[in-house]
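The values are calculated or read from the model by the stated rules, or taken from the named source; none is laboratory data. What you see is a predicted model, and the numbers here were worked out from it, not measured in a lab. Cβ atoms come from the backbone with ideal geometry, glycine included; neighbour counts cover every protein chain shown.
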Amino acid sequence: MNPRLFACTALSLALAAPISAAENQGDTIDLAAAQKRADATVAQMSAQEKTVITHGIMPLPGGGPKVDIPKDAIIGAGYVAGIERLGIPALRETDASLGVTWVSGARGDWATALPSAVSQAASWNPALIRRGGAMIGAEARAKGFNVLLAGGVNLARDPRNGRTFEYFSEDPLLSGVLAGAAIRGVQSNHVISTIKHFALNGQETGRKYVDVKIAPGAAHESDLLAFQIGIEQGQPASVMCAYNRVHGAQACDSDWLLNKVLKQEWGYKGFVMSDWGAVPSIQTAINGLDHQSGEQLDPGVFFGSQIAGKAAADKAWSVRLDDMNRRILTAIYAAGLDKYPAPPGGAIDWDAHALVAEDVAKQGIVLLKNEGGALPLAKTAKSIAVIGGYADGGVLSGAGSSQVMGKGGPAVKLPVAGSGIWAGFISESYHRSSPMTAIKAQAPGAAVLYRQGQYIKDAAELAARSEVAVVFATQWMTEGLDVPDLSLPRGQDALIAAVAAANPNTIVVLETGGPVKMPWLGKVKAVVEAWYPGARGGEAVASVLFGETNPSGRLPISFPADESQLPRPRLDGSDWVEPDFGGNPKNGKDKLATDYDIEGSDVGYRWYARTGTKPLFPFGYGLSYTTFTQGKPAVKGLSASVTVTNTGQRAGADVVQLYLTSRAGENKRRLVGFGRVELAPGASGKVAMTIDPRLLADWKDGGWTVPAGDYAFAVGSDAEHLGAAVSVKMKSRSWKD
Ligand code: BGC
């Protein structure tokens, strides 16, 4: 158990959004201040030099079309040459939000894997997420990388999105605050972080041509707001534009997204880099793209000699090229890449880093059901059946470009067909952190026996002769492919039902990328959502099962009872687009549109509130081994506070969630503040929050508007179960960003 938890006594002030100045200290980089220096450098650049840092390669042998890899490149996602004469360092880029990625072992090293982003978000703890970011940023730096392609913040509009595990949540406040915290952590190492994938990148099916339709107001109040908050709080030196189309244009070619929203409305001063293989033409430069990444994956190298030619012939292009250089240099100087070089071979404190990953996993685990106090398990148990999920070997991780692996590589790897690096990218891999070994350590006197569960009867027989059965159920997700539905694959529902029928003390541990359906829910005693729990997931799960860790995670995403409850009961394209990692159109005629105006900004819990439907588990939900009471919120203007008391027998952490429930006579459901507080038994704590007025507002005609009237706020144990509301009067107001 976290010792800090016990230190907390009578009254404590918990972390709440937005981040306090003290917590920010020393972390944020100053893009505006670096601009002057960037201007001075651009003034010294020759025409040829202006096309050096504007594009880069993917230095990966066997990673797509052949490319010459310079000697000073490191195998990874990207390499951009530097300019020695001007003291501009080369950019060495690695993925991603969960740690330094493994690239199928091509570099011959390893790294510490954080739990999935959705698991991180379940902690609702920005300080913890910042620590995670600092940890993975330190590993990037030690390995010689100075750019980490982190900061995944797309909203979970559809839980079938194959990258759900790489993103935080369905709510713009929670996602934006956590992304900001993660980015601050990464950049505290003098490593540039991206925020990605800008924007409205909500599904993988047909990912390079799916065309998103959404009204500008709804976009600003949802997906764009998550980015906006993340950028404000994290100051990422770079924004990565997405693969998908928005209103007909590729996101990396979208004047609306890149020029109008990001650079003009928000005044963003860093640079926009493309996603890999997302640049359709040279025109992207005019539409706001500053840097072409992984250029061998695009139809041409546009930002080298081609753009130099345009700049020589046309003033508008030369102004744009100067601005592209200025923005990239602003990022380099603000993050201190030239002053604090990152030579490869730096020391890594693996044990300390593993503890960070373990802490994040513990705080992210969500207890979904605990009938009759079935959990925590007694350490004196005599026999435990561990079934499924390769739990004898390790814990599942998500796949794609974000795949991190620890020392020794995967404990289990189920390859997809094919060979080479791309096949390796999307294998089903398990981290070497065995839940079974960790369970044995918690209950040293127990006979702990394992069945993988391919033979259901055999597994049920083992369960029948054991005191308790713990079934590990997995849902594998990967970049590039969506899941066709939310059921547990490979007959695991039948396995769980059979085990539960054989043993009344059946506990289910889910290792899923996101929400799944649970047809067996009524038959099992307890359900623990462990997500993809990272490098020390096995230890974290066992610690929760045996009560050393009191679970405190809260769902950052609603769990639908059925796909029919979703705004799009069928994921667009899933009935005709063949699963394909590349996601390219096959014949140039493929048309795939998705209509986000169906739900507009009512993503996730707001959709359930609007349609009056009940999900299986609501956003914000999560149980504890202790009990809490939350007082009525005190709201004055935009300041709110809530007192929480631990009324149970164990130390634990509660998450205050403050929702707007009505505005000027109109029903609303919006998260406007949150804070996690750790409390000893009997102790009270106060969570103070400042409400961001954008969360109360509508975006229309180029700005934010709040109507005059009564605004009601309530605290909820989740988005569905709300306490008594308090009402405050607000004046009408309109403002621009
Ligand atoms: C992903 C990005 C990643 C990039 C570089 C793309 O496939 O969408 O998230 O950063 O590859 O590996």
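Here are some notes:
- Selection of the range 355-390 for residues being over 22 Å from K523 (Cβ atoms) and in a helix (DSSP H, G or I) yields L355, V356, A357, E358, D359, V360, A361, K362, Q363, G364.
- For the range 579-600, the criterion of being assigned to a helix (DSSP H, G or I) and surrounded by fewer than 23 Cβ atoms within 10 Å (Cβ to Cβ) is satisfied by no residue at all.
- Test: residue in the range 360-375 that is more than 30 Å from P504 (Cα to Cα), in contact with a Ser or Thr (Cβ under 6 Å, 6 or more places away or on another chain) and of a type in the set (A, V, I, L, M): no
- Checking L658, L695 one by one, the residue that is surrounded by 16 or more Cβ atoms within 10 Å (Cβ to Cβ) and more than 30 Å from G373 (Cα to Cα) is L695 and no other.
- All positions within the range 123-154 that are within 16 Å of the ligand (Cβ to nearest atom) and either acidic (D, E) or more than 20 Å from L355 (Cα to Cα) (or both): F145, N146, V147, L148, L149, A150, G151, G152, V153, N154
- Selection from the range 177-195 of residues that are more than 14 Å from the ligand (Cβ to nearest atom) and among the hydroxyl-bearing types (S, T, Y): S188
- Qualifying residue in the range 304-314 (condition: crowded, with 18+ Cβ neighbours inside 10 Å, in contact (Cβ under 8 Å) with a residue 40 or more places away in the chain and not aliphatic (A, V, I, L, M)): no
- Count - residues of the range 290-345 that are small (G, A, S), more than 24 Å from K263 (Cβ to Cβ) and in a loop (DSSP other than H, G, I, E, B): 3
- Test: residue in the range 286-307 that is in contact with a His (Cβ under 6 Å, 6 or more places away or on another chain) and of a type in the set (D, E, K, R): yes
- Looking only at residues of the range 508-529 that are assigned to a strand (DSSP E or B) and not aliphatic (A, V, I, L, M), we find that the one that is surrounded by the fewest Cβ atoms within 10 Å (Cβ to Cβ) is T512.
- Residue match in the range 461-479 (condition: farther than 13 Å from I387 by Cα and hydrophobic (A, V, I, L, M, F, W, C)): yes
- All of I53, I88 fail the test of being under 20 Å from V272 (Cβ atoms), surrounded by 22 or more Cβ atoms within 10 Å (Cβ to Cβ) and either of a type in the set (D, E, K, R) or touching an Asp or Glu at 6+ places or on another chain (Cβ under 8 Å) (or both), apart from I88.
- Residue check, G547 under 30 Å from F628 (Cα atoms) and crowded, with 23+ Cβ neighbours inside 10 Å: no
- Within the range 276-296, considering residues that are polar (S, T, N, Q) and touching a strand residue (DSSP E or B) at 6+ places or on another chain (Cβ under 8 Å), the one farthest from the ligand (Cβ to nearest atom): N287
- For the range 200-224, a residue qualifies if it is surrounded by fewer than 24 Cβ atoms within 10 Å (Cβ to Cβ) and not hydroxyl-bearing (S, T, Y), and the qualifying residues are K208, D211, K213, A215, P216, G217, A218.
- Top-ranked residue of the range 415-437 - restricted to ones that are of a type outside the set (S, T, Y) and assigned to a loop (DSSP other than H, G, I, E, B), ranked as nearest to the ligand (Cβ to nearest atom): I426
- All conditions but one from (1) within 18 Å of Q452 (Cβ to Cβ); (2) out of contact with any Lys or Arg (no Cβ under 6 Å at 6 or more places or on another chain) apply to A500; the one that does not is (2).
- Residues that are among the aromatic types (F, W, Y) and either more than 16 Å from the ligand (Cβ to nearest atom) or within 19 Å of the chain's Cα centre (by Cα) (or both), drawn from the range 237-275: Y243, W256, W266, Y268
- Search result, residues across the range 532-550 that are out of contact with any Leu (no Cβ under 9 Å at 6 or more places or on another chain) and assigned to a loop (DSSP other than H, G, I, E, B): E548, T549
- Condition check for G76: surrounded by fewer than 24 Cβ atoms within 10 Å (Cβ to Cβ) and within 16 Å of the ligand (Cβ to nearest atom): no
- Test result for K260, more than 17 Å from I88 (Cβ to Cβ), surrounded by fewer than 19 Cβ atoms within 10 Å (Cβ to Cβ) and among the charged types (D, E, K, R): yes
- Selection from the range 79-120 of residues that are of a type in the set (D, E, K, R), within 15 Å of the ligand (Cβ to nearest atom) and within 22 Å of Q292 (Cβ to Cβ): R92, E93, D95
- Selection count, the range 395-414, where residues are assigned to a loop (DSSP other than H, G, I, E, B), touching a Gly at 6+ places or on another chain (Cβ under 7 Å) and either away from the ligand (no atom under 16 Å from the Cβ) or at pLDDT below 95 (or both): 2
- Looking across the range 74-105, the residues that are under 25 Å from the mean Cα position of the chain (by Cα) and assigned to a loop (DSSP other than H, G, I, E, B) come down to I75, G76, A77, A96, S97, L98, G99, V100, T101, W102.
So that you can scan it fast, the table gives a plain yes or no per residue for (1) surrounded by 17 or more Cβ atoms within 10 Å (Cβ to Cβ); (2) within 30 Å of P551 (Cα to Cα):
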| site | (1), (2) |
| --- | --- |
| N287 | yes, no |
| S318 | yes, no |
| M324 | yes, no |
| A331 | yes, no |
| D349 | no, yes |
| Q363 | yes, yes |
| L375 | yes, yes |
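- Residues located in the range 460-496, provided they are crowded, with 20+ Cβ neighbours inside 10 Å, under 28 Å from I426 (Cβ atoms) and more than 16 Å from the ligand (Cβ to nearest atom): V471, F472, A473, T474, Q475, W476, V483, L486, L488, Q492, L495, I496
- Just one of the numbered conditions (1) in contact with an Asp or Glu (Cβ under 6 Å, 6 or more places away or on another chain); (2) part of a loop (DSSP other than H, G, I, E, B); (3) over 17 Å from H55 (Cβ atoms) is not true of N287: (3).
- Filter pass, L174 being within 15 Å of the ligand (Cβ to nearest atom), among the aliphatic types (A, V, I, L, M), surrounded by 24 or more Cβ atoms within 10 Å (Cβ to Cβ) and not in a loop (DSSP other than H, G, I, E, B): no
- Here is the figure for the range 196-211: residues that are within 9 Å of the ligand (Cβ to nearest atom) and either without any contact (Cβ under 8 Å) to a residue 40 or more places away in the chain or part of a loop (DSSP other than H, G, I, E, B) (or both) total 2.
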